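What follows is one structure encoded as structure tokens, with my remarks underneath.
The values are calculated or read from the model by the stated rules, or taken from the named source; none is laboratory data. What you are looking at is a predicted structure, and each value in this text was computed from that prediction instead of being measured. Cβ atoms come from the backbone with ideal geometry, glycine included; neighbour counts cover every protein chain shown. Side chains are part of the model used for accessible areas, which takes the heavy atoms of the whole protein and leaves out ligands, DNA and RNA. Shrake-Rupley method; radii C 1.70, N 1.55, O 1.52, S 1.80 Å.
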Amino acid sequence: MVGPALVALPLLYQAAGWLWPTLAILVFGLLTSLASCFLCEAMSCVIGNAMFQGRIEYATLARFFFGKRGHAIAQIFIVLSLQSINVASIIISSQVLDALVVSVFSSTCGIRLFPSAGFVCVHGPGQALSPFNNDIMLMTCGYAVALVITLPLGFLSLDQNKYVQIFSFAFLLVAVGGWVGTFVAHGLQASYVPVVGKNITNVLATVILSFGMVTTIPSWINEKRKGVRVNSTIISSVITSTIIYVIIGWVGGAAFSFPADTDLLSVIASSLQGGMFIRI
């Protein structure tokens, strides 16, 4: 599951209705499964890698099949794809951590570039995604916390930080369960999520970002244990993600009325429902 799009699904379901986002999630879930399985099949076709005994990365695979020029093009697109997810993840993580700092310490601070440069502090959750609203920030407390947490992990291989990933996935499942419980406790209004909404412009972008896992498949193949069944693992993972996406999108959209410039995390952070644990 790719986090940046997950928190935008309830607003998407309200704006576009449940029909088009659900269809898009099902279609791209199927395409993601097929693309991932075909990518693994292509990796096994590399000479000497029939049982995935070598270390073949995405761009290396492109060089094997398409030559030097294909390798260069693939390298450019893989970097752009990964950075698009990284940037969105960093921004959302920083905003959430700033909201957490506000919840715990009643304020958060940062260096602002616009509309007026300087060091500023805020004492509330704000009216937008960030406690700093629409100000352009150079550095915030939340960004600094995210940097301290993630920077050391960047020096580790996928295998070396596997326990962090296991913990993160377990925590994500707990968070999703807490969110759904909060939604149900708050009360569901089916009228918040029409069959077809008035604004479907963000459906494809949000859903495609939700299934950005394909580029990470070669790295997973290189680190997995020998006895792990590739296709069944990929398909079961995509099915699990698809179910969670639909549940979060519909139930979250039916629980809260989302303003235009908000997402799931900002709404939960500003809500008293669910307590401090659910906000964290």
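Restricting Ser107, Ser94, Ser103 to residues that are in contact (Cβ under 8 Å) with a residue 24 or more places away in the chain and more than 30 Å from Ile217 (Cα to Cα) narrows the list to Ser103. Filter the stretch 158-196 down to the residues that are of a type in the set (Ser, Thr, Tyr) and over 20 Å from the mean Cα position of the chain (by Cα), then identify the one that is farthest from Ala16 (Cα to Cα). Here the answer is Thr182. In the stretch 232-243, the residue that is nearest to Glu57 (Cα to Cα) out of those that are aliphatic (A, V, I, L, M) and surrounded by 14 or more Cβ atoms within 10 Å (Cβ to Cβ) is Ile234. Tell me, please, whether a residue that is at pLDDT below 95, touching a Lys or Arg at 6+ places or on another chain (Cβ under 8 Å) and on the phi < 0 side of the Ramachandran plot can be found in the stretch 242-256. The answer is no, given that none of the residues of the stretch 242-256 is at pLDDT below 95, touching a Lys or Arg at 6+ places or on another chain (Cβ under 8 Å) and on the phi < 0 side of the Ramachandran plot.
Restricting the search to the stretch 146-171, which residues are open to solvent by 60 Å² or more (accessible area, probe 1.4 Å) and under 30 Å from Phe119 (Cα atoms)? Listed by number, the residues that qualify are Leu147, Val148, Ile149, Thr150, Leu151, Pro152, Gly154. Answer with yes or no whether Leu9 is at pLDDT below 95 and either under 19 Å from the mean Cα position of the chain (by Cα) or open to solvent by 40 Å² or more (accessible area, probe 1.4 Å) (or both). Here the answer is yes, as Leu9 does meet what is asked. Taking the stretch 12-29 as the range and being without any contact (Cβ under 8 Å) to a residue 12 or more places away in the chain and surrounded by 15 or more Cβ atoms within 10 Å (Cβ to Cβ) as the test, no residue passes. Quick check on Leu34: is it open to solvent by 10 Å² or more (accessible area, probe 1.4 Å), among the aliphatic types (A, V, I, L, M) and out of contact with any Gly (no Cβ under 9 Å at 6 or more places or on another chain)? The answer is yes for Leu34. Would a scan of the stretch 154-161 turn up a residue that is part of a helix (DSSP H, G or I) and either modelled with pLDDT of 85 or more or farther than 19 Å from Val7 by Cα (or both)? So far as the stretch 154-161 goes, yes, one or more of its residues are part of a helix (DSSP H, G or I) and either modelled with pLDDT of 85 or more or farther than 19 Å from Val7 by Cα (or both).
Just to be sure, is Leu204 open to solvent by less than 80 Å² (accessible area, probe 1.4 Å), of a type in the set (A, V, I, L, M, F, W, C) and either closer than 28 Å to Trp20 by Cα or free of Cβ contacts under 8 Å to residues at least 60 places away in the same chain (or both)? No, not satisfied.
The rows are residues; the columns are (1) in a loop (DSSP other than H, G, I, E, B); (2) closer than 30 Å to Met43 by Cα; (3) open to solvent by 40 Å² or more (accessible area, probe 1.4 Å); (4) at pLDDT below 85.
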{"site": "Leu80", "(1), (2), (3), (4)": "no, yes, yes, no"}
{"site": "Asp98", "(1), (2), (3), (4)": "no, no, no, no"}
{"site": "Val101", "(1), (2), (3), (4)": "no, no, no, no"}
{"site": "Leu113", "(1), (2), (3), (4)": "no, no, yes, no"}
{"site": "Gly142", "(1), (2), (3), (4)": "no, no, no, no"}
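Taking every residue in the stretch 124-138 that is under 12 Å from Val96 (Cβ atoms) and pairing it with any residue that is open to solvent by less than 70 Å² (accessible area, probe 1.4 Å) and assigned to a strand (DSSP E or B), at least 6 positions away or on another chain, the pairs with Cβ-Cβ distances below 7 Å are Pro131/Thr108; Pro131/Val122. Restricting attention to the stretch 172-187, which residues are buried (at least 17 other Cβ atoms within 10 Å of the Cβ) and assigned to a loop (DSSP other than H, G, I, E, B)? Of everything in the stretch 172-187, nothing turns out to be buried (at least 17 other Cβ atoms within 10 Å of the Cβ) and assigned to a loop (DSSP other than H, G, I, E, B).
Residues that are surrounded by fewer than 18 Cβ atoms within 10 Å (Cβ to Cβ) and in a loop (DSSP other than H, G, I, E, B) within the stretch 213-231 comprise Lys224, Arg225, Lys226, Gly227, Val228, Arg229, listed in sequence order.
All conditions in (1) in contact with a strand residue (DSSP E or B) (Cβ under 6 Å, 6 or more places away or on another chain); (2) more than 21 Å from Ala8 (Cβ to Cβ); (3) of a type in the set (D, E, K, R) hold for Lys162, with the sole exception of (1).
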